[in-house]
Amino acid sequence: MSHHIVEAVDLHYVYPDGTVGLKGVSFRISHGESVAFVGENGAGKSTLLLHLNGYLSSSHGTLRIGDCALAKENLNSVRRSVGMVFQNPDDQLFMPTAFDDVAFGPLNLGLEKSDVERVVAGALETVGVAHLAKRPPYKLSQGEKRAVSIATVLAMSPNILVMDEPTSSLDPRSRRRLIELLKTFRHTKIIATHDLDMALDLCERTIVLHQGRITADGKTQEILRDDELLRSSSLEKPLSLQKR
């Protein structure tokens, strides 16, 4: 199952304006793991996630997805393996209907029309929004948009599911539905989030980023009970772990 592995070794990234995004980040995520990346705004979470399928390229260091280092020549295969759900669903939904958005990827892979219809129906059913197939994205709620954006990724059958702040802007009911949905997925899951209660609920492992560096990597329960670590990383203990 090496094709599910994600490994970063000494990743550095500097934005064109000189802002340093990553400073020597290294980690290894194995098949089937659910891993949360947490940290304050500007810690490097989104920067790191954008490296995982080649939207950004490191200025130094290597990133391996499965058996090979990420490079221009294997970018298409990496993007099939790594499904990215962006923080803002509007960045992912651009077709006339939810069905069309989910069908876009499979059609570009050259699937037959009958196969595309089956794949799209299955993806929308999985996220609980099959009834919205013909609805334009602009008429969807934020939670519905989030579900459809996840379906666009699932339709591509990725080995690794990457999500940036998946619970942002969701009401409590939509948030709970999303968490329960993600619990059912067998993918390797990598989630950048400020929602530490979700990390506690969903991820057995947590990696803390602070000012572009990894400051902790361990079991989620242990990481999120460490008051000093959280304080130094400008984070607060999850509500479920705070003393009443």
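Selection of first residues in the stretch 104-115 that are modelled with pLDDT of 90 or more and of second residues that are among the aromatic types (F, W, Y) and assigned to a loop (DSSP other than H, G, I, E, B), restricted to Cβ pairs under 9 Å at least 6 apart or on distinct chains, gives the following pairs, ordered by first then second residue: F104/F94.
Find the residue count for the stretch 34-74, including only residues that are in a strand (DSSP E or B) and either among the small types (G, A, S) or touching a Pro at 6+ places or on another chain (Cβ under 7 Å) (or both). Break it down into steps so the answer makes sense when it comes.
Initially, the stretch 34-74 is screened for residues in a strand (DSSP E or B), giving 34-38, 60-65, 68-69.
Checking the rest, the ones that are also either among the small types (G, A, S) or touching a Pro at 6+ places or on another chain (Cβ under 7 Å) (or both) come to 34, 36, 61, 69.
Selection size over the stretch 34-74: 4.
Taking residues in the stretch 118-133 that are on the phi > 0 side of the Ramachandran plot, and partners anywhere that are of a type in the set (A, V, I, L, M, F, W, C) and at pLDDT 95 or above, not one pair has Cβ atoms closer than 8 Å while being at least 6 places apart or on different chains.
Modelled with pLDDT of 90 or more and either surrounded by 20 or more Cβ atoms within 10 Å (Cβ to Cβ) or touching a helix residue (DSSP H, G or I) at 6+ places or on another chain (Cβ under 6 Å) (or both) - does that describe any residue in the stretch 166-177?
Step one: list which residues in the stretch 166-177 are modelled with pLDDT of 90 or more, which gives none.
No: the stretch 166-177 contains no residue that is modelled with pLDDT of 90 or more and either surrounded by 20 or more Cβ atoms within 10 Å (Cβ to Cβ) or touching a helix residue (DSSP H, G or I) at 6+ places or on another chain (Cβ under 6 Å) (or both).
The residues on offer are V25, V102, and the sole one that is buried (at least 20 other Cβ atoms within 10 Å of the Cβ), of a type in the set (V, I, T) and in a strand (DSSP E or B) is V25. Here's a check for you: in the stretch 126-138, which residue that is part of a helix (DSSP H, G or I) and modelled with pLDDT of 90 or more is nearest to S149 (Cα to Cα)? Applying the filter and picking the extreme gives P137.
The combined condition, being without any contact (Cβ under 8 Å) to a residue 60 or more places away in the chain and either among the aliphatic types (A, V, I, L, M) or touching a His at 6+ places or on another chain (Cβ under 8 Å) (or both), is fulfilled by L75. As a summary of the residue check, G143 satisfies the conditions (1) within 25 Å of S168 (Cα to Cα); (2) modelled with pLDDT of 90 or more except for the one numbered (2). Checked against (1) without any contact (Cβ under 8 Å) to a residue 12 or more places away in the chain; (2) touching a Phe, Trp or Tyr at 6+ places or on another chain (Cβ under 8 Å), T47 passes all but a single condition, namely (1).
Restricting the stretch 200-210 to residues that are within 15 Å of the chain's Cα centre (by Cα) and within 24 Å of L11 (Cα to Cα), which is surrounded by the fewest Cβ atoms within 10 Å (Cβ to Cβ)?
Of the residues in the stretch 200-210, the ones within 15 Å of the chain's Cα centre (by Cα) are 202-203, 205-207.
If we keep only those that are within 24 Å of L11 (Cα to Cα) too, we end up with 203, 205-207.
Numbers: C203: 24, R205: 17, T206: 24, I207: 24.
Result: R205.
Could you check, for the stretch 30-47, whether at least one of its residues is surrounded by 17 or more Cβ atoms within 10 Å (Cβ to Cβ), at pLDDT below 90 and among the hydrophobic types (A, V, I, L, M, F, W, C)? No: zero hits.
The values are calculated or read from the model by the stated rules, or taken from the named source; none is laboratory data. Every value quoted in this text rests on a predicted model; they were computed, and no experiment measured them. Quick reminder, even Gly has a Cβ in these numbers, built from the backbone with ideal geometry, and neighbours come from all protein chains shown.
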